[in-house]
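One structure is given below, encoded as structure tokens.
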Amino acid sequence: MLGLERSKDHPATPTDSRLARLVANTPTALAEKIRSATHLSGERRVVTALFADVVGSTALSAHMDPEDWTGIMNQAFELLVPAVFLYEGTIARLMGDSLLAFFGAPIAHEDDPIRAAHAALEIIATTQRFADEVRRVHGIDFAVRVGLSTGPVVVGDVGSDLVYEYTAMGDAINLAARLQSAARPMTVLIAENTYRFIAPVFECADLGKITIKGKTERIQVYEVVEPKSKPGMLRGLKGLSSPMVGRASELNELIHLTEIVQAGLGRTALVVGEAGLGKSRLVAELKSRLLDDESGTRTFEWVEGHCLSYGQGLAYHLLIDMVRSILGLGDKPSDENNYTYIRQIATHLLGEQAEEITPYLGHLLSLPLEPEVIERIRLTDPQSLQNQYLSSIRRILFAKAAHHPLILVCEDLHWADPSSVELLTKLLTLTNELPILFCFLTRPDRDAPGWRLVNAARDRLGNGLVEINLQSLTETDSRQLVANLLEIEALPEKVRAIILKKAEGNPFFVEEVIRMLIDQEVIVQKNGSWAVEKSIDTVEIPDNLQSLLLARIDRLPEDVKRALRVASVIGRRFSVRVLEQVMERQGY
Ligand SMILES: Nc1ncnc2c1ncn2[C@@H]1O[C@H](COP(=O)(O)OP(=O)(O)OP(=O)(O)O)[C@@H](O)[C@H]1O
Ligand SMILES: [Mg+2]
């Protein structure tokens, strides 16, 4: 087993001091989050371990001055580590010419495997650029390999110096190391334990089964190729579906708002609810109601901006996504053709005035611009530039709304970046002037920058704002959901009860518990229908459900976290409802 001892009794090795230097550069916001995260000592956490190693470093270093080699490695680590920080991973250890990072400890996110895969691809891309330089200067081929593995790991605490203090152990770490050594140079290799989480979001090449040192059975592996241009659904169960249960009054409220907008007025809808309660589903249902038939498509124009879970530090990322949607750029890659394209659209909408806005829209979207445009923007101060972005977007929206009433959805506002929020706050009053329905979807994260938009809407919009607070599904609706998803003639009451109890009225949790029962082959598909195969007496909380809950726990104040830890030792059961009550009492 690969232990990560860092004994305090031994003098610091060069690797230790290198690690200390690298973690000293942890971005402040991330450092604060790490310091306030749950104490981990000895805790079992589901993490995605990222293992990156330099290909053939012994042979490479043999041909050069050791100091040069150390210099190359120091530089390489300095370039690669920010990719880990960007996705809020932590550096667990440097070992010679390799790096081990964790995604999921000490800060847990619900999408840690996806973050790890992004970081891994970023490491490859950065190395590619660095390797060109190394080849030019030193004449050698510098390359890395990366392995990722997801599973339970026992982790130590992270000290005030942001370095893990004790050992970290677990099969996931060993497998990440083995996968790394089996990977082709400049690729990322994963096994089923990561693939199942990232497959909807990344193109992966199936490399079949391979033999891995230390494993008797051959294991299925995949190479992570690139993010999918159109990511699949992260939610839902393959082959199982249910019509939306309950939520009739909420849907009607939204439909009513669209009627007001169709009549020429502006409105704002705020849909608030904990993760998985069905905010996105509710709005997807609205969309299909409105746009499924031809007349709906002609009546409304539907625009969506999505936030990224790691996007709080990515300036304007929500706004950019929204503007791309407004301009119909969808998931087209950013290239020079896009600039011509947005100029055409703007000209179509605004005639000659288009020239006043296209440079700013192009700049906001990071499209390649003409040199004189770049020069003009370079001379604009940041505040004026922001005003230009704002007025360009306003003008496009005005022109669009002259043709069709607009429905503008901002998804996952709890992850929005402060600069997008600031601009959106300034766009709110458009509802006084235009037939536009803003639809903001957010979890109740009152500390997130996105919540400022919620407060601004409450302050400024009066009756123009309608709030929809999603609650847990009722017992009857939850039962209906289980029945719709699993059309099993005789689903034993015990199994049904377990699903309902674990899920606590959260439709996402209903799906996840069913997923777990399928994974554990408690429920199996036979001749096109589902059947119960085994009895279940003890059901463990599934991996991703657990990390989802842990992700929330990490946002709780210290004493509440302590209380929950105590509770989890007594009886390892997380109750979402209790958690919510505790949060409410704490004023969260
Ligand atoms: N009322 C419902 N009836 C049937 N299925 C539902 C219902 N609400 C949600 N679901 C399903 O539950 C899963 C989670 O819902 P959804 O993704 O909409 O949650 P969310 O509130 O948007 O969560 P997040 O905050 O993480 O974005 C989805 O697969 C969705 O289709
Ligand atoms: Mg959602």
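Data for the structure
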item: Magnitude of the charge dipole, segment 383-447, Cβ model with Lys/Arg +1 and Asp/Glu -1, debye to 20; result: 300 debye
item: Straight-distance crosslink candidates among lysines, where the alpha carbon sits under 28 Å from Lys400 and sequence neighbours closer than 8 are dropped; result: Lys230, Lys279, Lys287, Lys332, Lys426
item: From phi via Karplus (6.51, -1.76, 1.60), per-residue ³J(HN,Hα) for segment 267-276 in Hz, x at Gly/Pro; result: 8, 10, 10, 10, 9, 10, x, 4, 3, x
item: Segment 248-465 - Rg over Rh from alpha carbon coordinates, Kirkwood radius; result: 0.96
item: Spin-label model distance (nm) - Ser229 vs Lys501, 7 Å beyond Cα toward Cβ; result: 4.9 nm
item: Hits among lysines - C-alpha to C-alpha of Lys33 under 16 Å, sequence gap 8 or more where chains match; result: Lys561
item: Per-pair calculated FRET efficiency, R0 = 51 Å: Arg21 and Gln520 via Cβ, rounded to 0.05; result: 0.70
item: Ratio Rg/Rh [Cα only; Rh per Kirkwood] for segment 175-216; result: 0.95
item: Relative intensity, log₁₀ I(q)/I(0), of segment 370-506 from a Debye sum that treats every alpha carbon as a point, q = 0.10, 0.20 Å⁻¹; result: -0.56, -1.17
item: Spin-label model distance (nm) - Glu433 vs Ser288, 7 Å beyond Cα toward Cβ; result: 3.7 nm
item: Tensor-based shape of segment 14-227 (alpha-carbon gyration tensor, a/c under 1.5 rounded, otherwise prolate or oblate); result: oblate
item: 5 angstrom amide H check on Leu277, placed H, neighbours 5+ away; result: none
item: FRET efficiency, Lys494 to Gln75 (Cβ-Cβ, R0 60 Å, nearest 0.05); result: 0.50
item: Whether segment 58-143 is rounded, prolate or oblate, judged on the alpha carbon gyration tensor where a/c under 1.5 counts as rounded; result: prolate
item: Pair-distance profile P(r), taking every C-alpha pair of segment 442-532, with 5 angstrom steps and integer %; result: 3, 12, 19, 16, 11, 8, 9, 8, 7, 5, 2, 0
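Any read-out appearing in this document is the output of simple, stated calculations on the displayed coordinates, not a laboratory observation. All of these numbers come straight from a predicted model, not from anything done at the bench. Quick reminder, even Gly has a Cβ in these numbers, built from the backbone with ideal geometry, and neighbours come from all protein chains shown.
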